Amino acid sequence: MNYRHAFHAGNFADVAKHLALVAILLHLLKKQAPFAVVDTHAGRGAYDLGGKEAQRTGEAERGIGRLADLRSELTTLSSYLDLVHECGVGTYPGSPLLAAKLLRPQDRLVAIEKHPDDAAALAVLLKPFPKARAETADGYARLAALLPPPERRGVILIDPSYEAEDEFQTAARAFAAAYRRFATGIYAIWFPVKSRAEADGFCGEVLAAGTAKVLRLDVALVAPAEDRLSAAGLLVVNPPYRFEDEMGRAFAEVLPLLEATARFDWLAGG
Ligand SMILES: C[S@@+](CC[C@H](N)C(=O)[O-])C[C@H]1O[C@@H](n2cnc3c(N)ncnc32)[C@H](O)[C@@H]1O
């Protein structure tokens with residue numbers, strides 16, 4: 001396991017993914033009924049933007065760094081910015097911390113991370129959140145066992161590092177098995193777009209699970225760079241009502257600052 005998210009935390013793709021996650025969580029929070037969050041590839045949960053990894057790539061500086069002065073009237077965007085600001089200058093929250101901060105007493109987070117160092121840091125970070133649990137494990141292997149959640153409502157974030165050659169297939173298979181157990185859940189599946197054909201093939205595999213409602217969201221840097229990821233996507237299965245609108249409006253404020261563009265495609269339903 002060579003991938004370390006600290007090099008990429010807070011980049012344009014992280015911002016887009018985390019905005020989507022916050023939009024989904026805010027939707028789940030609209031009802032009193034409890035919900036579960038399962039984060040299969042959770043990372044360490046918080047990232048030092050002044051650290052050597054972030055400084056080496058400069059990705060966060062061109063990502064969340066460009067939103068430092070942004071204020072918004074939009075619920076999703078302002079909530080996301082508030083959550084980031086709450087972490088303090090120089091720290092960027094990962095997906096499990098964003099989720100943990102939004103949980104109510106009736107909700108629950110299971111955050112799984114395989115890398116022992118990151119998993120240990122995550123466990124410490126989540127300690128103050130009584131409804132959040134960190135697990136050191138393989139997120140793919142744990143996913144099916146955690147579904148369906150007793151709450152019968154929730155979001156599953158599948159955000160692998162795609163290090164292994166066959167990881168697109170592994171992720172699609174893990175999703176299909178999860179979907180069979182919990183077809184009404186909201187799923188957000190992140191993927192890098194290094195080649196259009198590979199990304200389209202992956203989306204096709206996810207669709208083949210029989211998903212009725214899938215929105216694909218792509219973000220890309222206007223000026224692609226040779227040495228870093230310049231495009232990424234998120235498949236949102238069973239997206240919340242008006243999710244596309246909400247994201248479109250947030251992106252209209254954020255993406256010009258990130259020098260990025262977005263595209264939405266309904267692959268099923270919509
Ligand atoms: C893209 S990062 C996650 C970022 C995080 N979801 C966020 O948004 O803040 C992917 C993480 O998955 C971890 N990882 C890789 N393979 C894994 C596996 N099979 N199970 C769980 N975690 C894994 C990596 O160590 C890395 O921390």
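Counting other C-beta atoms within 10 Å, and keeping those with at most 15, which DSSP coil GluC sites (Glu not before Pro) do you find in the range 1-93? Sparse-neighbourhood loop GluC sites (Glu not before Pro): Glu61, Glu73. Counting only DSSP beta bridges with both residues in the chain, the antiparallel share comes to about 60 percent. Tell me the net charge near Asp166. Cut-off is 13 Å between Cβ atoms, Asp166 excluded, with +1 for each Lys or Arg and -1 for each Asp or Glu. Neighbourhood net charge equals -4.
DSSP bridge analysis restricted to the range 7-148 gives an antiparallel fraction near 25%, rounded to the nearest 5. Please list, or write none, the lysines whose alpha carbon is within less than 28 Å of the alpha carbon of Lys127, excluding same-chain residues fewer than 8 places away. Within the straight-line cut-off, Lys127 pairs with Lys17, Lys30, Lys31, Lys52, Lys101, Lys114. If the Kirkwood radius is taken over C-alpha pairs of the range 1-136, then at 37 °C and 0.692 mPa s the Stokes-Einstein diffusion coefficient equals 217 µm²/s. Kirkwood radius for the range 5-268, taken over all pairs of different Cα atoms as the inverse mean of 1/r, rounds to 18.3 Å.
Looking at the range 223-264, the GluC sites (Glu not before Pro) that sit in a DSSP loop and have at most 16 other Cβ atoms within 10 Å of their own Cβ are Glu226, Glu259.
For the range 211-270 versus the range 76-95, the spacing of their alpha-carbon centroids is 20 Å.
In this label model, Lys30 and Ala252 are separated by 1.9 nm, measuring between points 7 Å along each Cα→Cβ vector. Note on Met1 and Asp166: their simple-model spin labels are 2.0 nm apart, each label 7 Å out from Cα toward Cβ.
The order of Trp190, Trp266, going from fewest to most other C-beta atoms within 10 Å of their C-beta, is Trp266, Trp190. With runs of 4+ DSSP H residues as the only contributors, calculate the mean residue ellipticity of the chain at 222 nm using -39,500 (n - 2.57) per run, divided by the residue total and rounded to the nearest 500. Estimated from H runs of four or more residues: -12000 deg cm²/dmol. Net charge in the neighbourhood of Glu244 (other residues with Cβ under 14 Å of its Cβ; Lys, Arg +1, Asp, Glu -1) is +1. Please identify every one of the trypsin sites (Lys or Arg not before Pro) in the range 1-39 that sits in a loop by DSSP and has no more than 10 other beta carbons within 10 Å of its own beta carbon. Loop-located and lightly packed - Lys30, Lys31.
Panel note: the C-alpha atoms of the range 132-267, placed on their principal axes, show extents of 43, 35, 31 Å (largest first). If I take all pairs of Cα atoms in the range 176-242, what percentage of them are more than 17 Å from each other? The calculated P(r) of the range 176-242 puts 45 percent of pairs beyond 17 Å. Taking 0.36 nm per residue of sequence separation and removing the Cα-Cα distance, the Lys127/Arg104 pair yields an extension gain of 6.7 nm. Projected label points at Ala212 and Ala176, each 7 Å from Cα along the beta carbon direction, are separated by 2.1 nanometres.
We did not get these values from a lab; they are worked out from the coordinates using the rules stated. Owing to the predicted nature of the structure, the values given are computational and were not obtained by experimental measurement. Because the Cβ atoms are built from the backbone with ideal geometry, glycine has one as well, and the counts that use them run over all protein chains shown.
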